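Single-structure report; data block below.
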Amino acid sequence: MTTFLILFPDKTDDIANHVPNKEEASKFAKEILMTLDRIDCESETEISFEKTNFENFLTVIESLESLHKFRIGSYSLETVLRKIITNNSIRFIRNVTSLFDYKIKMNSFFEIDNIFYSKNQNRKLNRLDFRHCENHPDYNPAKKSPLIGGIGGFENAEKLLPSAVGDAKTKRTILINQDRINNSFFLRYENENFENQYHAFHIVKRENTRYIEDKEMLLKIKSNRKGIPRAFKIIEYRCKNTL
């Protein structure tokens with residue numbers, strides 16, 4: 001179990017710097033959601049808040065809202081934050097006496113993303129499965145989505161595997177990532193249940209002489225019933241906020 005303690009600022013000036021206006025308040029709430037989901041989507045993780053620290057943080061948020069009239073849609077920022085917390089697996093503690101693997105300041109999405117990138121280096125790509133390998137004799141384009149780049153595509157997919165994201169809470173054994181080398185198409189990785197090994201293909205289909213996004217397959221990824229929608233939103237958030 002990898003344990004995280006999330007620490008919140010509880011001084012008015014510090015928090016006011018994060019939420020000077022409505023637009024920044026919305027971004028602020030979004031990053032908290034992505035930070036918590038990034039942890040919660042990994043297997044064997046636990047998120048903790050120190051109860052007094054968190055309640056002091058919300059008290060300051062409430063007073064700032066009264067002053068500046070922040071709203072996110074029809075909700076107050078405090079209501080949005082409480083909803084985000086409710087939707088994640090949070091453990092509240094009264095005193096910080098336990099040892100934690102990581103003590104992280106609130107809104108540290110990319111720091112946490114890098115932690116999991118390092119931890120997931122042991123993932124392996126199956127380079128001997130050619131069923132999706134573009135232009136390979138074993139590849140049947142009528143039945144399989146391609147791994148763009150053929151044999152050379154294995155190296156690219158392997159580099160992107162440690163930063164791919166799934167959702168362990170759904171029990172689904174797939175990961176996704178975005179491939180900026182190939183038109184920012186999405187890559188899908190399927191766990192073969194053997195020594196953390198995956199095979200990969202792009203979520204695309206052929207239209208005349210080019211590939212286009214396979215919208216039907218992406219809808220399944222975004223689906224709450226069969227997909228990993230939180231992972232999809234994490235990848236979108238990462239790409240939108242990375243140069």
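The values are calculated or read from the model by the stated rules, or taken from the named source; none is laboratory data. Keep in mind it's a predicted model, so treat the numbers as computed, not measured. Note that each Cβ is placed from the backbone with ideal geometry, even for glycine, and that neighbours are counted across all protein chains shown.
Checking each residue in segment 85-130 for being in a helix (DSSP H, G or I), of a type outside the set (Phe, Trp, Tyr) and at pLDDT 95 or above picks out 111, 112, 113, 114, 115, 118, 119, 120, 121, 122. In the list 233, 205, which residue meets the criterion of being in the same structural domain as residue 148 (by TED's automatic domain parsing) and either farther than 21 Å from residue 134 by Cα or crowded, with 18+ Cβ neighbours inside 10 Å (or both)? Just one listed residue meets the conditions, 233. The set of residues in segment 51-84 that are in contact (Cβ under 8 Å) with a residue 40 or more places away in the chain, surrounded by 16 or more Cβ atoms within 10 Å (Cβ to Cβ) and in a loop (DSSP other than H, G, I, E, B) contains only 70.
Every condition in (1) within 26 Å of residue 47 (Cβ to Cβ); (2) touching a residue at least 40 places away in the same chain (Cβ under 8 Å); (3) not polar (S, T, N, Q) holds for residue 211 except the one numbered (1). Sub-6 Å Cβ pairs linking a first residue in segment 166-185 that is touching a residue at least 40 places away in the same chain (Cβ under 8 Å) and farther than 14 Å from residue 120 by Cα to a second residue that is loosely packed, with under 15 Cβ neighbours inside 10 Å and among the polar types (S, T, N, Q), at least 6 apart or interchain, are 178/184, ordered by first then second residue.
When segment 7-23 is filtered for residues that are touching a Phe, Trp or Tyr at 6+ places or on another chain (Cβ under 6 Å), outside any helix (DSSP H, G or I) and not charged (D, E, K, R), the ones remaining, listed by number, are 8, 19.
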